[in-house]
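Notes follow the structure.
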């Protein structure tokens, strides 16, 4: 960093000192009920308040110290009324009050605009008994307005409060930059350490990263846990494209939940963001209950948003969030998860310091030349599926598959892993000297050579030993045949679960890297990571470790819909055994109505047997479709949407309502999650979905109006098992 112009800064400091002296009116003890903070430099942070209360317990509430005082502005008439009660003149008050502040009695309802000290006042209000709830305030006149630099200086003080974190400092540096305040930039950079300034200087040169970070400057609650000291991870990986995509995802999720109103986003606080990050309330029961509890009126989350309607809207959207809620903190933690895979991918290309990893792989991608209309999807280590490509980015799909392969092998560093990535890269259309060199290597020989050398170093530690390939040929061949038998054994594949019974994946393991985490490697393939939610198994009330990995990958690379490019398939990204062996998708075929579709034909909105018999019933893979039938979505008994009785169309419309914070149910049942909508209609033989909008949290439970189902948690589709009516023998 260039050293600031000291002369300019000295002149500024002198001007600020003169202005403070000229506008200073005196100091006084003021009841904290008269103090307000209309323009706080930071949002309320409960952790800071709790820490201050602990400090007060330990050392007492030392309000008398000069560096603990709060700066505030007061108009001359208000001050004069207070001084008349003290029977002193303004001149005497200014001279004597600095060392001996009197009690300044103000009229009821009078508020003084404080420039700093919000957290200490809130802590004092909760900690002190009523008779001691006052604070010493340094008063400045509003008759002669304080200069902007003076106000800024007073607002930036942090005695007896929380110091600014490097993330908050970074945010103020960028805000000053956009205000063309070069002195402000220098002043804030002066708070960073030398190493932090060095990292910041490098970061400022990375246009894509800076553009992404600047796009979330207005979401104030994000920045406390953004550590400038962690920039080495940002910069050294050369994964700017993936990081920028993740920041875009952060912005997308939070603006969907909170709304895109700038003033509302500015009111977000660090405590709330840090409390909701890494949670998925629409899928996790414990996350749902935790967030619901603190989003009640007067709850701990979003304390600056007090309007009940706004809080209810935010709560509904928050509770309907399926993704792991991201933040800049989770981003920095998850970047470390990319480190090992990035190193593996980096080794397969020529070095180039000026380009990102994605740019380098794009340069070496030739697959689009040979396969313009198809894309290969790796479904297991040895099986692939070719799909037609009408709209997908061939490079992006291939590039993501390399990352997933690198994820799978990085936990076990051996010759097979590196060879596997190189082989996949070659097959998908990437070409480089490094890839070709890796393909020439024999992983069987490398494993045997390593094992022999390690064994000899233990058995004959003082001997010089050179591995002889010719002597080991028979051993290598036997080992190769043994491995062939092992890996060619059939492997049963089933859709991974996104929820599990028990406690599920702990919050502490939902972001960041764990060297011991070897779960879910068999499921880290592109068709499983990008499958629609309704195609996964659900085994309980808490999210699984696979769902965390799925969410992490999609945050960095974006979501991709592969289903529409599968011929004859509405979704079906998990193929049957036959489709894996043949490399083709299972075509639609005539089928009997599956067992379990029974239900009362007298129910409103139910499908009568004749209607079903007159409809064409198809299965695509294992997906039932009723062609010729329509599903109606009703609000207040008024049909608002009609869609074909097909899984993709039904669940997509259900998802639209869920994203609006609305609830779904069928007659005589509780509400359910949107991606179960089609299956539940099939199980209950109904064609009408009731849509509800009135959900208000009361006493820790969701209280519904009288026309709403009395259920606290969304029902699973397994709950919709009904007895067959005796009056309907045909069913």
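Taking segment 68-102 as the search range and keeping residues that are within 52 Å of the chain's Cα centre (by Cα), within 13 Å of residue 141 (Cα to Cα) and without any contact (Cβ under 8 Å) to a residue 60 or more places away in the chain, which one is surrounded by the fewest Cβ atoms within 10 Å (Cβ to Cβ)? Step through it out loud before you land on a result.
First pass over segment 68-102, keeping only residues within 52 Å of the chain's Cα centre (by Cα): 68-79, 82, 97-102.
Subset that is within 13 Å of residue 141 (Cα to Cα): 71-79.
Of the ones still in play, those that are also without any contact (Cβ under 8 Å) to a residue 60 or more places away in the chain are 77-78.
Values: 77: 10, 78: 18.
Among those that are within 52 Å of the chain's Cα centre (by Cα), within 13 Å of residue 141 (Cα to Cα) and without any contact (Cβ under 8 Å) to a residue 60 or more places away in the chain, it is 77.
What helices (runs of 4 or more DSSP H) lie completely within segment 521-598 and have 2 or more residues being modelled with pLDDT under 50 and in contact with a strand residue (DSSP E or B) (Cβ under 8 Å, 6 or more places away or on another chain)?
Values: elements: 526-529, 545-557, 577-582.
Once the helices (runs of 4 or more DSSP H) in segment 521-598 are filtered for at least 2 residues that are modelled with pLDDT under 50 and in contact with a strand residue (DSSP E or B) (Cβ under 8 Å, 6 or more places away or on another chain), what remains is 577-582.
If the requirement is being within 24 Å of residue 440 (Cα to Cα), at pLDDT 95 or above and in contact with a helix residue (DSSP H, G or I) (Cβ under 9 Å, 6 or more places away or on another chain), which of these qualifies: 328, 348? First the steps, then the outcome.
Details: 328 fails: within 24 Å of residue 440 (Cα to Cα).
Answer to the check: 348.
Would you mention how many residues in segment 494-550 are buried (at least 21 other Cβ atoms within 10 Å of the Cβ) and at positive phi?
1
Which one of these is within 25 Å of residue 243 (Cα to Cα) and not assigned by TED's automatic domain parsing to the domain that holds residue 39: 278, 308? Even if it seems obvious, please write down each step before you answer.
Numbers: 308 fails: within 25 Å of residue 243 (Cα to Cα).
Testing whether each residue is within 25 Å of residue 243 (Cα to Cα) and not assigned by TED's automatic domain parsing to the domain that holds residue 39 leaves just 278.
Taking residue 480 and the conditions (1) in contact (Cβ under 8 Å) with a residue 12 or more places away in the chain; (2) out of contact with any helix residue (DSSP H, G or I) (no Cβ under 9 Å at 6 or more places or on another chain); (3) assigned to a helix (DSSP H, G or I), which numbered condition does it fall short on, given that it satisfies the others?
For residue 480, the exception is condition (2).
From the list 354, 333, which one is surrounded by fewer than 22 Cβ atoms within 10 Å (Cβ to Cβ), touching a residue at least 60 places away in the same chain (Cβ under 8 Å) and either part of a loop (DSSP other than H, G, I, E, B) or under 17 Å from the mean Cα position of the chain (by Cα) (or both)? Give the steps one after another, and end with the answer.
On the way: 354 fails: touching a residue at least 60 places away in the same chain (Cβ under 8 Å).
Of the residues listed, the single one that is surrounded by fewer than 22 Cβ atoms within 10 Å (Cβ to Cβ), touching a residue at least 60 places away in the same chain (Cβ under 8 Å) and either part of a loop (DSSP other than H, G, I, E, B) or under 17 Å from the mean Cα position of the chain (by Cα) (or both) is 333.
Restricting to segment 202-221, give me the number of residues that are touching a residue at least 12 places away in the same chain (Cβ under 8 Å) and farther than 15 Å from residue 172 by Cα.
7
How many residues are touching a residue at least 60 places away in the same chain (Cβ under 8 Å), over 26 Å from the mean Cα position of the chain (by Cα) and outside any helix (DSSP H, G or I) if we restrict to segment 664-683? Please lay out each step first, then the result.
Our first condition is that a residue be touching a residue at least 60 places away in the same chain (Cβ under 8 Å); within segment 664-683, this holds for 666-668, 673, 675-676, 678-679, 682-683.
Now drop any that are not over 26 Å from the mean Cα position of the chain (by Cα), which leaves 666-668, 678-679, 682-683.
The next check asks that each one be outside any helix (DSSP H, G or I); those that pass are 666-668.
Total meeting the criteria: 3.
Within segment 317-325, does at least one residue satisfy the condition of being outside the structural domain of residue 50 (by TED's automatic domain parsing), surrounded by fewer than 20 Cβ atoms within 10 Å (Cβ to Cβ) and more than 17 Å from the chain's Cα centre (by Cα)?
Taking every residue of segment 317-325 in turn, none turns out to be outside the structural domain of residue 50 (by TED's automatic domain parsing), surrounded by fewer than 20 Cβ atoms within 10 Å (Cβ to Cβ) and more than 17 Å from the chain's Cα centre (by Cα).
Which of the residues that make up segment 89-106 are farther than 13 Å from residue 35 by Cβ, assigned to a loop (DSSP other than H, G, I, E, B) and modelled with pLDDT of 90 or more? Write out each step before concluding.
Quick first cut of segment 89-106, residues farther than 13 Å from residue 35 by Cβ only: 89-103, 105.
Then keep just the ones that are assigned to a loop (DSSP other than H, G, I, E, B); that gives 89, 97-102, 105.
Passing the criteria: 89, 101, 102, 105.
This table checks each residue for (1) surrounded by 20 or more Cβ atoms within 10 Å (Cβ to Cβ); (2) assigned to a helix (DSSP H, G or I).
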{"residue": "211", "(1), (2)": "no, yes"}
{"residue": "216", "(1), (2)": "yes, no"}
{"residue": "221", "(1), (2)": "yes, yes"}
{"residue": "229", "(1), (2)": "no, yes"}
{"residue": "244", "(1), (2)": "yes, yes"}
{"residue": "250", "(1), (2)": "yes, yes"}
{"residue": "264", "(1), (2)": "no, yes"}
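Being on the phi > 0 side of the Ramachandran plot and without any contact (Cβ under 8 Å) to a residue 24 or more places away in the chain is the filter here, so list the residues in segment 293-309 that pass it.
If we filter segment 293-309 for residues that are on the phi > 0 side of the Ramachandran plot, which is where we start, we get 298, 302.
Scanning segment 293-309 gives a single hit, 298.
Within segment 29-48, can you find the residues that are modelled with pLDDT under 85 and in a helix (DSSP H, G or I)? So that I can check it myself, show each step before the final result.
Taking segment 29-48 and keeping what is modelled with pLDDT under 85, we get 38-48.
Answer for segment 29-48, where residues must be modelled with pLDDT under 85 and in a helix (DSSP H, G or I): 46, 47, 48.
Criterion first (part of a helix (DSSP H, G or I), under 30 Å from residue 550 (Cβ atoms) and either at pLDDT 85 or above or out of contact with any strand residue (DSSP E or B) (no Cβ under 7 Å at 6 or more places or on another chain) (or both)) does residue 454 satisfy it?
Values: part of a helix (DSSP H, G or I): yes; under 30 Å from residue 550 (Cβ atoms): no; either at pLDDT 85 or above or out of contact with any strand residue (DSSP E or B) (no Cβ under 7 Å at 6 or more places or on another chain) (or both): yes.
Against the criterion (part of a helix (DSSP H, G or I), under 30 Å from residue 550 (Cβ atoms) and either at pLDDT 85 or above or out of contact with any strand residue (DSSP E or B) (no Cβ under 7 Å at 6 or more places or on another chain) (or both)), residue 454 does not qualify.
Just to be sure before I move on: is residue 401 more than 30 Å from the chain's Cα centre (by Cα), on the phi < 0 side of the Ramachandran plot and at pLDDT 90 or above in the structure I sent? Spell out the reasoning first.
Working: more than 30 Å from the chain's Cα centre (by Cα): no; on the phi < 0 side of the Ramachandran plot: yes; at pLDDT 90 or above: yes.
Taking the combined requirement at face value, the residue does not satisfy it.
The values are calculated or read from the model by the stated rules, or taken from the named source; none is laboratory data. These numbers were taken from a predicted model, which means no experiment stands behind them. Neighbour counts run over all protein chains shown; Cβ positions are idealised from the backbone, glycine included.
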